[in-house]
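Peer 1: Once you've had a glance at the structure underneath, I'll fire off some questions.
The values are calculated or read from the model by the stated rules, or taken from the named source; none is laboratory data. Fair warning: this is a prediction, and the values are worked out from it, not measured in the lab. Counting neighbours? That spans all protein chains shown, and the Cβs are built from the backbone with ideal geometry, glycine included. When the accessible area is computed, the model is the full protein with side chains, heavy atoms only, and any ligands, DNA or RNA have been set aside. Shrake-Rupley method; radii C 1.70, N 1.55, O 1.52, S 1.80 Å.
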Amino acid sequence: MEDFKKQEDSVTFTQIQSKTETEEENTTDKPWSWWTKFIQILVHLPYPIDYCRQQFNLLKEYYVGNIAQINLIDEFQANYKSNDAIRWYSRDAFLYRLLNRALRKHNVELLFLFGYFVQDLYRQLTHEYEQFRLVHSNNSIITVYRGQIMSHNEINELASCKVTVNNSFFSTTVDRHLATFFFNSLAEPDDEMQNVLLQIKLDCKLQSRPFANISHLSYFQTEDEILFTVGTLFEVGDVVYNETERFWLIEFKLIYDESIEDKRDFESKLFVRRTLKNCVNKLSAFTLHGLRDVESQTTVFNKLTELFPHETEWLLAAKLKFQAEEQRLNGEEEFHSEIILNYEQAIKIWQDYQNDNELNCSIELGQLYTSIIEHYEDEIHERNIPEKYYDSAVNHYLLALEKESSDYAKMKIYDQMRVIFQLKMKPMIIDDEDKYENSSEKEQTVSMAVKYKELYIEYMLKFYPSNYIEIGRTHQYLAYLYRSVGKIENASVNYEKALNIFLQHSYLPQIDVEHLINEIVDFHIDDKHDYQAALRYQFIKHEYIIKMGEVLKSDDVNYQKHSIADSHIQLADIYSLLHQINLSSENLTAAMNLYNEIEDDIGERFHKEEKLTLISEKRNKLTNISFSNRENGKRLKKDTD
């Protein structure tokens, strides 16, 4: 802690609780922030039983002389139980103040200090969340409010972004008036710190990070409080200043969060050490790409070593892997030898644990060899990768499957094995359109990728409903694999399954559905030469875009016009292939009209001028075809006469 206090730019205990410091830290983050993923790791770590008791001396040192807080710490130390987390959080005491400031400041060391409490709070809130959703199953739409002081800078950031997440626990109320109770009545529009009312629309049916009414568990049970966990995903709506009430009104809307990971990705029912390993494996430079400073990285791994001193060696292997990923992200080829060295040192460490069935490190060895292959292909662009890396990755995954008793873990291994064969396919590509050279090796490689993808679906169905979106994405990838080796009917079946699943999820990103249908349309044109089928699927896409425009009324109107116009262009192209020139022309006219409606000042965003030029060229081409057809008809009639 002494070293921690010496860091001038980090948040020490003293800086966190400074009585003179203004509330300038943000309460929101970008949705891709590393912080949310880092918190997810913390809430699943298997903390040592006596860990929380080791921290009380540090708290008492900080609050020395503050009898009231010392008494609260003593009470906490004597009486705290995991199911009291919400009650303690809601008290106006050391936990609430220190924890939220540490969260807002992205303070890694302090979050480890409170990690066990954040875990208890998260678990209790998750339990309440399930009850809350049941209560609101018939009337799922509710509105809550949060009043706070916010800097002009954060207000401007929110006004310029479409989505955001909260970076600390987030208290709200259903009472709009109560939310404004603590506003600064003297605040002026030009002041740096502003009164802000967040108006948050919730649909309790959406997949989200946990939130719930905690009134019955709160220390102050008269408050009607809805508490959100860190990292809840919101769409940002209007950001306007209310001249009458003298505060900023910012509209949030809860949106479907596809990034939420299954707790089984972290927790093992059989082995505590496996849970630890699963959590540590989430420390990837590719997912925690905001954790770029060496000091914070060192703090993370040092704290893990302090918490779990008996696992020091393989924690070093995880750190070496993280460093290799960090160097790969830097994208400089001079790091190539160092990257390979870090991976190989990590492999050497894990090899000493191969007989440790509790850890089943064959999974990590397979992942490390896979990472080496990815580095050669993606950063070095090397096509002649030593076969030993592919063989080692596959053999270690097969060994991991033999040792594994959990069907869920087997499911994850099957998905990772698919990656090996997908990587092996890359050097076989002969052009930029993902066309493959014809060879028996290619067919065998694709066959193995298909095998493990189908096993992945088989095992997913043990844990998830048949319309689970990842099953749909897997069918989409299977269609691509079958298509690459000319198995047209297999591709067609998997495309149809993928589309049926996608269309059942109204909250799936619109662009994902559009991309899938574009693939299907291209497949029917290029591979099956079935233009009527292509037209049918293009109409499905067209109707879907119109429907989504009606459902998502708050979305960008110009984007919807752009999407519908592009669909009209694609319909025109298919009608042209079917020699239905008039219908093709009608769709081009509709597309042109929609692009002309897009405001000129944002037209560049949608390539408006390029699209209008393209439409004009296509219309001219149709005119020429129509003229040619008429001339041919006249000649035919003349010859007949």
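Peer 1: So, of the residues in the stretch 614-641 that are loosely packed, with under 11 Cβ neighbours inside 10 Å and of a type in the set (S, T, Y), which turns out to be modelled with the highest pLDDT?
Peer 2: S628
Peer 1: Can I ask one more? So Q327 passes all but one of these: (1) of a type in the set (S, T, N, Q); (2) at pLDDT 95 or above; (3) open to solvent by less than 40 Å² (accessible area, probe 1.4 Å). Which condition number does it fail?
Peer 2: (2)
Peer 1: For the condition surrounded by fewer than 16 Cβ atoms within 10 Å (Cβ to Cβ) and in contact with a helix residue (DSSP H, G or I) (Cβ under 6 Å, 6 or more places away or on another chain), what is the one hit in L588, L571, L578?
Peer 2: Answer to the selection: L578.
Peer 1: Now a separate question. Which residues, taken from the stretch 344-366, are surrounded by 20 or more Cβ atoms within 10 Å (Cβ to Cβ) and out of contact with any Phe, Trp or Tyr (no Cβ under 8 Å at 6 or more places or on another chain)?
Peer 2: Those that are surrounded by 20 or more Cβ atoms within 10 Å (Cβ to Cβ) and out of contact with any Phe, Trp or Tyr (no Cβ under 8 Å at 6 or more places or on another chain): A346, N360.
Peer 1: Do you know which of the residues in the stretch 114-144 that are of a type in the set (A, V, I, L, M) and open to solvent by less than 10 Å² (accessible area, probe 1.4 Å) is nearest to T305 (Cα to Cα)?
Peer 2: V118
Peer 1: Can you tell me which of R104, R133, R97 is under 22 Å from the mean Cα position of the chain (by Cα) and not polar (S, T, N, Q)?
Peer 2: R104
Peer 1: While we're looking at this one, here's another question. Report, ordered by the first and then the second residue, all pairs with beta carbons closer than 7 Å, sequence separation of six or more or different chains, a first member in the stretch 233-256 that is free of Cβ contacts under 8 Å to residues at least 12 places away in the same chain and among the β-branched types (V, I, T), and a second member that is open to solvent by less than 40 Å² (accessible area, probe 1.4 Å) and outside any loop (DSSP other than H, G, I, E, B).
Peer 2: Within 7 Å, the pairs are V240/L249.
Peer 1: Within the stretch 289-300, take every residue that is under 24 Å from the mean Cα position of the chain (by Cα) and modelled with pLDDT of 80 or more and give me the one that is farthest from E109 (Cα to Cα).
Peer 2: Only one residue fits best here, namely Q297.
Peer 1: Then there is this: State whether the residues of the stretch 31-54 include one that is closer than 14 Å to T229 by Cβ, part of a loop (DSSP other than H, G, I, E, B) and either open to solvent by 30 Å² or more (accessible area, probe 1.4 Å) or in contact (Cβ under 8 Å) with a residue 12 or more places away in the chain (or both).
Peer 2: yes
Peer 1: OK, next. Helices (runs of 4 or more DSSP H) wholly in the stretch 359-425 with at least 2 residues that are out of contact with any Ser or Thr (no Cβ under 9 Å at 6 or more places or on another chain) and in contact (Cβ under 8 Å) with a residue 40 or more places away in the chain - which ones?
Peer 2: Where helices (runs of 4 or more DSSP H) fall fully within the stretch 359-425 and carry at least 2 residues being out of contact with any Ser or Thr (no Cβ under 9 Å at 6 or more places or on another chain) and in contact (Cβ under 8 Å) with a residue 40 or more places away in the chain, they are 362-374, 407-425.
Peer 1: Just checking: which of the helices (runs of 4 or more DSSP H) contained wholly in the stretch 469-583 hold 1 or more residues that are at pLDDT 90 or above and under 30 Å from D262 (Cβ atoms)?
Peer 2: Where helices (runs of 4 or more DSSP H) fall fully within the stretch 469-583 and carry at least 1 residues being at pLDDT 90 or above and under 30 Å from D262 (Cβ atoms), they are 469-484, 488-502, 510-522, 531-551.
Peer 1: Let me ask something additional. Taking E109 and the conditions (1) acidic (D, E); (2) modelled with pLDDT of 90 or more; (3) open to solvent by less than 60 Å² (accessible area, probe 1.4 Å), which numbered condition does it fall short on, given that it satisfies the others?
Peer 2: The one condition E109 does not meet is (2).
Peer 1: Follow-up question, since we're still on this one. Between residues in the stretch 173-190 that are touching a residue at least 24 places away in the same chain (Cβ under 8 Å) and residues that are in a loop (DSSP other than H, G, I, E, B) and aromatic (F, W, Y), which pairs lie under 8 Å by C-beta distance while being six or more apart or on different chains?
Peer 2: none
Peer 1: Within the stretch 403-414, how many residues are in contact with a helix residue (DSSP H, G or I) (Cβ under 7 Å, 6 or more places away or on another chain) and either of a type in the set (S, T, Y) or open to solvent by less than 30 Å² (accessible area, probe 1.4 Å) (or both)?
Peer 2: Count: 5.
Peer 1: Look at the stretch 597-613 and say how many of its residues are at pLDDT 80 or above, surrounded by 14 or more Cβ atoms within 10 Å (Cβ to Cβ) and assigned to a helix (DSSP H, G or I).
Peer 2: 3
Peer 1: Something else about it: Which ones in the stretch 330-356 are at pLDDT 90 or above and touching a Lys or Arg at 6+ places or on another chain (Cβ under 9 Å)?
Peer 2: Answer for the stretch 330-356, where residues must be at pLDDT 90 or above and touching a Lys or Arg at 6+ places or on another chain (Cβ under 9 Å): I339, N342, Y343, A346, D356.
Peer 1: Looking at the stretch 367-391, which of the residues that are open to solvent by less than 30 Å² (accessible area, probe 1.4 Å) and more than 27 Å from the chain's Cα centre (by Cα) is farthest from F271 (Cα to Cα)?
Peer 2: I385
Peer 1: Could you tell me how many of the residues in the stretch 138-152 are in contact (Cβ under 8 Å) with a residue 60 or more places away in the chain and in a helix (DSSP H, G or I)?
Peer 2: Matching residues across the stretch 138-152 total 0.
Peer 1: Identify, please: which residue in the stretch 252-285 is basic (K, R) and exposed (fewer than 15 other Cβ atoms within 10 Å of the Cβ) and is, among those, farthest from L158 (Cα to Cα)?
Peer 2: K269
Peer 1: Right, next: Quick check on the stretch 286-297. Is at least one of its residues assigned to a helix (DSSP H, G or I) and open to solvent by 30 Å² or more (accessible area, probe 1.4 Å)?
Peer 2: yes
Peer 1: For the stretch 157-251, give me every one of the strands (runs of 3 or more DSSP E) that falls completely inside it and has 3 or more residues that are hydrophobic (A, V, I, L, M, F, W, C) and open to solvent by less than 50 Å² (accessible area, probe 1.4 Å).
Peer 2: Once the strands (runs of 3 or more DSSP E) in the stretch 157-251 are filtered for at least 3 residues that are hydrophobic (A, V, I, L, M, F, W, C) and open to solvent by less than 50 Å² (accessible area, probe 1.4 Å), what remains is 193-203, 225-228, 233-242.
Peer 1: If you scan the stretch 460-478, which residues turn out to be closer than 16 Å to Q416 by Cβ, surrounded by fewer than 19 Cβ atoms within 10 Å (Cβ to Cβ) and of a type outside the set (K, R)?
Peer 2: E470, Y477, listed by residue number.
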